[in-house]
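Please read the structure below before turning to the comments.
What follows is calculated from the coordinates using simple rules that are stated; it is not laboratory data. The shown structure was predicted, so the numbers you read here are calculated from the model rather than taken from an experiment. Here the Cβ positions follow ideal geometry from the backbone for every residue, glycine too, while neighbour counts run over all protein chains shown.
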């Protein structure tokens, strides 16, 4: 039996898994690619995140031996927040945003807090008004995507996504123009 006959019998999944054209070899996040990673154990002096086993984590148990050899530094996420650098940008617009801004801000904060417990490198950089729009900047494109998904789930509305080819940053918009309780004008035929 030829090789192509064996892979055809198993389905297209096997064929697709063998095709590696266009895939990235390194899975480093853009910020980590810029700043680099610590060689050994490190502790962020600002947020308390601990770097061990190639990841930054909050609330990781730290032994005295680990603290003795740990290096105090500033994690990439804290550096990013300080410099105002972001990889996720969400723009919220529409009459609904103006009417329910506090509820929307609370939902955004809840999503960011939940993400930060398991992945401390995903944080809000800034949330602010830009004219009639509300703008949210995040340290990662995945957090921005999660925020828009949660807003769609909780408040409905329309979302659009645009990923940058240059650095993988996400520009997302969420909009909703109607306001519940507002009477719509009657149609005239």
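Observations on the model:
- FRET efficiency, 1/(1 + (r/R0)^6) with R0 45 Å, evaluated for residue 178 and residue 52 via beta carbons: 0.40
- Computed Kirkwood radius, in angstrom, where 1/r is averaged over Cα pairs of region 30-84: 11.5 Å
- Region 86-175 shape via C-alpha gyration tensor axes, a/c threshold 1.5: oblate
- When each of 155, 87 is scored by the number of other beta-carbon atoms lying within 10 Å, the sequence from fewest to most is 155, 87.
- Taking other C-beta atoms within 10 angstrom as a stand-in for reagent exposure, 125, 148 fall in the order 125, 148, fewest first.
- Exposure proxy ranking, count of Cβ atoms within 10 Å, fewest first, for 137, 143: 137, 143
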